[in-house]
Amino acid sequence: MNPQTPFSPIALVGTIALLSAYGLAAWCVAAGIAGNARKSRRLVNSSVYGLYGFAALITLASVLLIYAFVTHDFTIKYVASVSDTTMETWYKVTSFWGGLDGSLLFWVFVLSLFSAVAIVVNHRRHRDMIGFVVATIMVVQVFFLSLLIFTKNPFATFLTTPPVEGKGLNPLLQNYWMVIHPPSLYTGFVAATIPFAFGIGALASGRLDDLWLGSVRVWMLICFGFLSLGLILGGRWAYEELGWGGYWAWDPVENAALMPWFTATAFLHSAIIQEQRGMMKRWNLVLVIVTFFLTIFGTFMTRSGIVQSVHAFGEDNVLALQFVAFLALILVVSLGLLVYRSNKLSSKMQFDSFISREFAFLLNNWILLGCAFVVMFLTMLPTISEAFDGSRMSVGAEYFNKIMTPLGLILLVLSGAAPLLAWRKTTRERLTAQFVIPFAVMGVTIIGFVIWYPESKHMSAIFSDTLQLPISLINFGLCAFVIGSIGQEYWRGLIVRRRQTGSDPFASLIGLVLSKRRKYGGYIIHLGIAVLFFGFAGKAYERMIDRTIEKPAALATDKSQAKFTFGEYEFVYQRLIHTSDDHKDAVTAEVAIYHHGSLINTVYPAKWDYHKGEGQATTEVAITVRGGVFQELPTEWPATLGRHLLSEAYGEDVYVVLTGYDLESGLANLRIYLNPLILWVWVGFLILAFGTLVCLIPQSAVDRLSRPRTTRLGRAGELAVLILVVGGVLAGLASQAQAASAPAEHVQAGMGMGADSTGFAAMNRPTPGSAEERAMKELLCVCGCAARESIFDCKCGTAAQLRREIMDYLGQVDEKGQPVFDLKTQAGRDTAYEAVLDYFVKSYKGEQVLATPRTKFSWLLPSLAVIGSLGLLVVAGRRWVGRGAQVATAGAAGPAGPVVSPEDDAYTDKLDDELADSD
Amino acid sequence: MDNSTLGKIVLTVAVAVGGVGFLVKSSISSAQHYKMVDDLLASDLSSWQGKELKVHGWVESGSIHESIVNQETHRTFLLQKGGKKIRVFSAGPKPDTFKDQSEVVATGHLVPAGQMKQLAESLGVAIESDIPYVVDSTELMAKCPSKYDGASINQKQLAPEFK
């Protein structure tokens, strides 16, 4: 060995781990197939334990790679290519999946964990096919490990002297989105492998009853949930980072995640039909195969360079061929097994009526599959057209919208209509009873929009330019229809539940949802979809303007030249700020936004130019979120609604981008977007996420809550834990959204400009010991950062502006030119200090801007909130316990006692019957 | 096979074929044509009039000129590949990664060079006389800071000066 060849023990052990895992995976494939085929329990167990061992080895390799990043082991090429010593620890960890090599290992790692859990849970239940399941999973693992070991080894080392410093993660990727967006998508992709493996296992073993369906439904729900999360995070990332004012562009990489989302959603619906009616067995198997196929196909699209994307132009023909071969293998084996078992997949059940829930689900499936096909076809159009006539053709976002919008609206109709239809056949009377209220809600909404917001009547092209319809109005009406439908279902369920249990509405609602989580959790998801579509409609009302301001107000002799109006807003370009630190140069424009004369925000759109990465520039947009009437006090609603503007009532984002500048003259090019309703896109996703979580609540958790043997405190505590877990996850999501969309500029506190001596932190510093300093230390920065620092300490641009505001406020002079505040005496400084605090409390409508609340009531309110919440939990918990005690009593009394426990099958049937009758 | 099943199959096939046929026809009529710069210039440029193009190339060093016209930033630059060049005009914000030698796809239409002469003069450039058409671009897409670099074998396709 050449003594000068660099040596990394991490790389050595990591490579050994990968090679060992590779060999073990190959063994698992052979043992799993042979074990089930020859009914050898020893071989099957061997493959199962091999899978667990594989997971351990991959976990070791992953931990080693992360350790290499954290310890700056630049002997390893991958570590040197995507990290450096100056990166924060979080970004070193995220570098794991920041490059191609690491992202493949991350895929293998997540799949190894998921498969271990899936096998542990299902090992005994599916003895006769678990070997095939393990083998299928391990074939996938062998493929990805082949890529890793033979072409994309993340532990490959330099053969010569390694660099002392790494290249670093590209600055465009150094933000918190990188921490959460790629893992969400990868998790969604990987989760689709489990249903596929069970589907292949069922086909291979011939065990095609519904047992395998129950095992995979939750994994497909996880796939759906994480793909939804990944898609919305990607959209939010694009909205915040790219500066084009939008969140979805039908980019091939975006489409790669959307296609399996469509088919996963289709499966979640058609699985219900198979469970209820024993129909669509073959269809469900096709869906799990197609969903998995699309996850691999999407990965192939993004990594091979077969399509052009904003994400990467790189081409890798060898990788492309490897993926094509694997895709072909998937298709050949899956379809072969389907044909082989075709006779076992037929069903004697037929559709009884077109006006039935089954048919609505079937139509839903067709549309979803159609959507997946359309997206796939249009994304691959360049490759397909090149294959046919040698020229690459593609379509833009406008064409995608023309085709996908009407398909989406049909899905929206079905999401509201299907829950109202009966299984097998819906009678005319039931049809009337079910649809009258949702239709009425829709009708009132449409009439209201026509009268109150005539802009909603504008026409849009669908399918072709010649077919124009008032799509926005139809959209709003359908959203109302869905909300009315879901609301009606909940209301009727609540009535039945209250009648059966005698509980109060709150406990009945909780009990209803927990006892039928799939149904009512699914309804919540549908509600989220309706809210999403409401947000999507805002795209049609987006407005944009470019403005060039020669001089900022701070430099201009005529300050009116620095102002311009757009929509209902006035913008004042105040100044251009140039700062720099160790990492980057930043040019920031300070822009004040006024709405009907009142200052609503001062924003700091910027251009950052990183020193590393060959002068990589990024656009830092400034987003001000206006929540419509939900942000206005009740006294201001009438005026807001009176303006009859969609954006005023339902909110919009004011999105400011610094598109160009001249440092010498202070000239700034600004682009302003007004994006109505976009807030509802993020809200809609939160509702969808909540519904998904509800659906994922395991039966064991509900059973524990209902078990009569536990103590009262224990049961109330378990309910509290359940609510806190769900609430905590949502609060986490919401806080991410809130931090990102706080009514402040995008540049976050602490991430701005480095040490106190440079950047925003250095701007507008007070004299030590002055009234300004005292006020700055007492007032909290409103930038929305999690640290909740004072204006004095916070390093962001908002804090710099607020410090300026305090200084200007205390430096006011009256008509005679005399200072308003006496800052020379202690009493005067005290008065000035109190005045500043009052001014901020009034401006921000509450004492939340104070580090130390001034009144007793300020301390009291949080305490009352906590006590009130605990009281609510105790009330709900006691009722829950009360029902449990009743069950225990009923059990002791004998079979004649009333059955009220939600986990009881007889009760569930009774609830179903009553709900069906009330429908 | 009974009539009901046959009917369902026929209906399904009809819907599928009809849908696919509509999609193919309408997408082709709305399609943007992707061309590398050298391939485009080797073809009959007049045949591309009225069609939307995506022209792929690399920005020639020193060719970017920008100016503000009517409140909006206008720019022009030369997109090149394999020694062939074409002039591109665009307006509005540019991608963050747009700079000399960056890899760019410009979406737009070919227009006679004379139509952009006045704009070119306001930007301080003279339109090349040997190319009768220029690209009037509505969208610029520049290479993303890549997580995934292309395989080294493909680097040979780059123009020599970029190696």
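The values are calculated or read from the model by the stated rules, or taken from the named source; none is laboratory data. Just so it is clear, the structure is predicted and the values come from calculations on it, not from any experiment. Cβ coordinates were reconstructed from backbone atoms using ideal geometry, including for glycine residues, and neighbour counts include every protein chain displayed. Protein only, heavy atoms only, side chains kept; ligands, DNA and RNA dropped before computing areas. Shrake-Rupley method; radii C 1.70, N 1.55, O 1.52, S 1.80 Å.
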Efficiency by 1/(1 + (r/R0)^6): what FRET value for A:ARG127 and A:THR160, r their Cβ-Cβ distance, R0 = 51 Å, to the nearest 0.05? 0.40
Just to make sure I understand: if all protein chains stay in place, what is the order of A:MET301, A:MET807 by accessible area at 1.4 Å, largest first? A:MET807, A:MET301
Report the relative contact order of the range A:44-118, percent, no decimals, based on alpha-carbon pairs under 8 angstrom and at least 6 residues apart. 35
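For the full complex of protein chains and a 1.4 angstrom probe, list A:ILE296, A:ILE10, A:ILE447 by accessible area with the highest value first.
Sorted descending by solvent-accessible area, the residues read A:ILE447, A:ILE10, A:ILE296.
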Under a plain spin-label model, where a point goes 7 Å from the Cα along Cα-to-Cβ, how far apart in nm are B:ILE28 and A:LEU467? 2.0
With all protein chains present, calculate the accessible area of B:LYS85 using a 1.4 Å probe and round the result to the nearest 10 Å². 90
Could you please state, rounded to a whole Å, how far the C-alpha centre of the range A:31-109 is from the C-alpha centre of the range A:332-411? 34
Can you give the accessible area buried between chains A and B, summed over both chains, with a 1.4 Å probe, in Å² to the nearest 100? 3800
For an R0 of 35 angstrom, estimate the FRET efficiency from the Cβ-Cβ distance between A:TYR844 and A:ASP822 and round to the nearest 0.05. 0.85
How much length is gained if the chain between A:GLU636 and A:LEU431 is pulled fully straight, taking 0.36 nm per residue apart and subtracting their Cα-Cα distance, in nm to one decimal? 69.6 nm
So for the range A:361-484, averaging the separation of alpha carbon pairs under 8 Å that are six or more residues apart and normalising by length, what relative contact order in percent results? 25
Would you please give the residues with an amide H less than 5 Å from that of A:SER394, counting only those at least 5 places away or on a separate chain, with H modeled from the backbone geometry? B:GLN32, B:HIS33, B:TYR34
Suppose R0 equals 35 Å. What FRET efficiency, 1/(1 + (r/R0)^6) with r the Cβ-Cβ distance, do A:LEU327 and B:THR138 give to the nearest 0.05? 0.50
Residue by residue through the range B:82-99, the couplings from Karplus 6.51 cos²θ - 1.76 cosθ + 1.60 with θ = phi - 60°, in Hz, x for Gly and Pro, are x, x, 8, 10, 9, 8, 10, 10, 8, 9, x, x, 10, x, 4, 8, 7, 6
Long-range amide H partners of B:TYR133, meaning residues 5 or more apart or on another chain whose placed amide H is closer than 5 Å, are B:ALA113
Residue by residue through the range A:176-187, which ³J(HN,Hα) values in whole Hz follow from phi under the Karplus form 6.51 cos²θ - 1.76 cosθ + 1.60 (θ = phi - 60°), with glycine and proline marked x? 5, 4, 5, 6, 10, 6, x, x, 4, 5, 4, 4
Pick out, in residue order, every one of the trypsin sites (Lys or Arg not before Pro) in the range A:327-409 that is DSSP loop and has at most 15 other C-beta atoms within 10 Å; say none if there are none. A:LYS348
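Among A:272-280, A:97-105, how do they line up from the highest to the lowest mean number of other beta-carbon atoms within 10 Å?
Highest to lowest by the protection proxy: A:97-105, A:272-280.
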Estimated distance in nm for a label pair at A:SER770 and A:LYS344, the labels positioned 7 Å out from Cα along Cα-to-Cβ: 8.3
Each residue of A:390-398 has, on average, a number of other protein chain C-beta atoms within 10 Å of its C-beta equal to 6
If I model a spin label as a point 7 Å beyond the Cα along the Cα-Cβ vector, how far apart are those points for A:GLU398 and A:ILE451 in nm? 3.6
Cα-based helix-to-principal-axis angle, B:3-29 vs chain B, degrees rounded to 10: 10
A:ILE577's amide H: which non-local residues (gap 5+, or another chain) put their own amide H closer than 5 Å, with H modeled 1.01 Å from N in plane and none for Pro or chain starts? A:THR588, A:ALA589, A:GLU590
Pop out the ³J(HN,Hα) list for the range A:98-103 in order, Karplus 6.51 cos²θ - 1.76 cosθ + 1.60 with θ = phi - 60°, rounded to Hz; leave Gly and Pro as x. x, x, 4, 4, x, 5
Order B:PHE77, A:PHE463, A:PHE143 by their accessible area, 1.4 angstrom probe, all chains in place, largest first. A:PHE463, A:PHE143, B:PHE77
If you count, for every residue in B:67-76, the Cβ atoms of partner chains within 10 Å of its Cβ, what is the mean? 3
Is there a simple number for the mean count of other chain Cβ atoms within 10 Å of the Cβ of residues in B:25-36, and what is it? 6
